[in-house]
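K.L.:
The structure under discussion is supplied below as structure tokens; questions concerning it will follow.
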Amino acid sequence: MNPEISIIIPAYNEEDRLGLTLAKLVNYFDTTTLSYEIIVVDDGSTDSTIEVANSLQNIKVIPQIKNQGKGAAVRRGMLEAMGSFRMFTDADLSTPIYEFVKLYSKFKTGYEICLGSRAVDYSMIKLHQPFYREFMGKTFNKIVQYLVVKGIKDTQCGFKGFSAKATEEIFKIAKINGFGFDVELIYLARRLNYKMIEIPVEWYNDNRSKVSPVKDSIRMFQEILKIRKLHRNL
């Protein structure tokens, strides 16, 4: 029997954070009556990420042969998952896993895509990023709204859930491997007329973020410029 819930964690050189994150996930879902699976997609790590993931019981580990990007890792995990509701979250659990219930409750009322958001209610940000990162994030979102998708206040929060049907249709045609993949997913969801909602969730900045505020921002901008062209026949 397929699980009700799939949790996908993309991981690249996360040996220091992953063990605690997986323990928190298992402890949380073991207190529920839901059947679940936890999938770690190792994105070509050069440290002991795979060994850490394999050291815990009942964790499915999918190794990518080489580093391809967060988008590629999430895509593979979501498509290999079996849950009726499939969610991806970051290895640092910047959004605590107990916020899962907010997304799942909306899914149960008929929403097929549930987007965790830091921008619907800024009071939910409990530990902020440095000012320049927040400024760049807000600027990026304005560009995204102007060029690609309007009305979504936070495309980049790494806490998103999809129905199995939405997953199969959207992720099979998604192409972006980098951090711009979130915008592509939302763009495709809009084009395919999926019922989607943005939900405020708690968020705590982790200063060990691997996202480069300059280099990765440039790459994300380049990626979002490609989205309409990549899917012009949709």
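The values are calculated or read from the model by the stated rules, or taken from the named source; none is laboratory data. From a predicted model like this one, the values you see are computed outputs, not experimental measurements. Cβ: placed from backbone, ideal geometry, glycine included. Neighbour counts: every protein chain shown.
K.L.:
Quick check on ASP30: is it surrounded by fewer than 19 Cβ atoms within 10 Å (Cβ to Cβ) and over 18 Å from ARG208 (Cβ atoms)?
P.N.:
yes
K.L.:
Cβ-Cβ below 8 Å, separation at least six or inter-chain, first residue in the stretch 72-100 and in contact (Cβ under 8 Å) with a residue 24 or more places away in the chain, second basic (Lys, Arg) and in a loop (DSSP other than H, G, I, E, B): which pairs?
P.N.:
LEU79/LYS172; ALA91/ARG17; ASP92/ARG17; ASP92/ARG208
K.L.:
Please determine whether any residue of the stretch 54-70 is surrounded by 24 or more Cβ atoms within 10 Å (Cβ to Cβ) and under 15 Å from LYS160 (Cα atoms). Break it down stepwise before answering.
P.N.:
Taking the stretch 54-70 first, the residues surrounded by 24 or more Cβ atoms within 10 Å (Cβ to Cβ) are 70.
Narrowing the set further to residues that are under 15 Å from LYS160 (Cα atoms) leaves 70.
Looking for residues that are surrounded by 24 or more Cβ atoms within 10 Å (Cβ to Cβ) and under 15 Å from LYS160 (Cα atoms), one finds at least one in the stretch 54-70, hence yes.
K.L.:
If MET1 meets every condition in (1) modelled with pLDDT under 95; (2) farther than 23 Å from SER163 by Cα apart from one, which number is that one?
P.N.:
Failed condition: (2).
K.L.:
Let me ask something else about it. Looking at (1) farther than 21 Å from PHE221 by Cβ; (2) under 17 Å from the mean Cα position of the chain (by Cα); (3) not hydroxyl-bearing (Ser, Thr, Tyr), can you tell me which one LYS126 breaks?
P.N.:
In the conditions (1) farther than 21 Å from PHE221 by Cβ; (2) under 17 Å from the mean Cα position of the chain (by Cα); (3) not hydroxyl-bearing (Ser, Thr, Tyr), LYS126 misses (2) alone.
K.L.:
May I ask you to list the residues in the stretch 146-169 that are free of Cβ contacts under 8 Å to residues at least 40 places away in the same chain, under 19 Å from the mean Cα position of the chain (by Cα) and outside any loop (DSSP other than H, G, I, E, B)?
P.N.:
The one that is free of Cβ contacts under 8 Å to residues at least 40 places away in the same chain, under 19 Å from the mean Cα position of the chain (by Cα) and outside any loop (DSSP other than H, G, I, E, B): GLU169.
K.L.:
While we're looking at this one, here's another question. Consider MET136 against the criteria (1) touching a Lys or Arg at 6+ places or on another chain (Cβ under 6 Å); (2) over 18 Å from ASP43 (Cβ atoms); (3) not in a loop (DSSP other than H, G, I, E, B): it satisfies all of them except one. Which criterion is unmet?
P.N.:
(1)
K.L.:
Next up: Which one is modelled with the highest pLDDT among residues in the stretch 219-229 that are closer than 12 Å to VAL148 by Cα and of a type in the set (A, V, I, L, M)?
P.N.:
ILE227
So that you can scan it fast, the table gives a plain yes or no per residue for (1) under 14 Å from ASP92 (Cα atoms); (2) in a loop (DSSP other than H, G, I, E, B); (3) of a type in the set (S, T, N, Q):
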residue: ILE9; (1), (2), (3): yes, no, no
residue: LEU34; (1), (2), (3): no, yes, no
residue: ILE39; (1), (2), (3): no, no, no
residue: GLY44; (1), (2), (3): no, yes, no
residue: ILE50; (1), (2), (3): no, no, no
residue: ILE62; (1), (2), (3): no, no, no
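K.L.:
Looking at ALA72, ALA91, which one is assigned to a loop (DSSP other than H, G, I, E, B) and under 17 Å from the mean Cα position of the chain (by Cα)? Even if it seems obvious, please write down each step before you answer.
P.N.:
On the way: ALA72 fails: assigned to a loop (DSSP other than H, G, I, E, B).
On inspection, the qualifying residue turns out to be ALA91.
K.L.:
Only one of GLY110, GLY69, GLY19 is in contact with a helix residue (DSSP H, G or I) (Cβ under 9 Å, 6 or more places away or on another chain), closer than 23 Å to TYR187 by Cβ and of a type outside the set (Ser, Thr, Tyr); which?
P.N.:
The conditions single out GLY69.
K.L.:
Take the residues in the stretch 98-133 that are outside any helix (DSSP H, G or I) and of a type in the set (Gly, Ala, Ser), then tell me which one is surrounded by the most Cβ atoms within 10 Å (Cβ to Cβ).
P.N.:
Looking at residues that are outside any helix (DSSP H, G or I) and of a type in the set (Gly, Ala, Ser), I get GLY116.
K.L.:
Go through (1) touching a residue at least 24 places away in the same chain (Cβ under 8 Å); (2) surrounded by fewer than 19 Cβ atoms within 10 Å (Cβ to Cβ); (3) within 27 Å of GLN64 (Cβ to Cβ) one by one and return the number of the condition ILE218 breaks.
P.N.:
All conditions pass for ILE218, except number (1).
K.L.:
ARG191 is checked against (1) under 20 Å from TYR111 (Cα atoms); (2) surrounded by 16 or more Cβ atoms within 10 Å (Cβ to Cβ) and fails just one. What number does that condition carry?
P.N.:
That leaves (2) as the condition not met.
K.L.:
In this structure, does PRO10 turn out to be within 20 Å of MET82 (Cβ to Cβ), in contact with a strand residue (DSSP E or B) (Cβ under 9 Å, 6 or more places away or on another chain) and surrounded by fewer than 23 Cβ atoms within 10 Å (Cβ to Cβ)?
P.N.:
no
K.L.:
Take ILE143 and tell me if it is assigned to a helix (DSSP H, G or I) and under 18 Å from ASP216 (Cα atoms).
P.N.:
Against the criterion (assigned to a helix (DSSP H, G or I) and under 18 Å from ASP216 (Cα atoms)), ILE143 qualifies.
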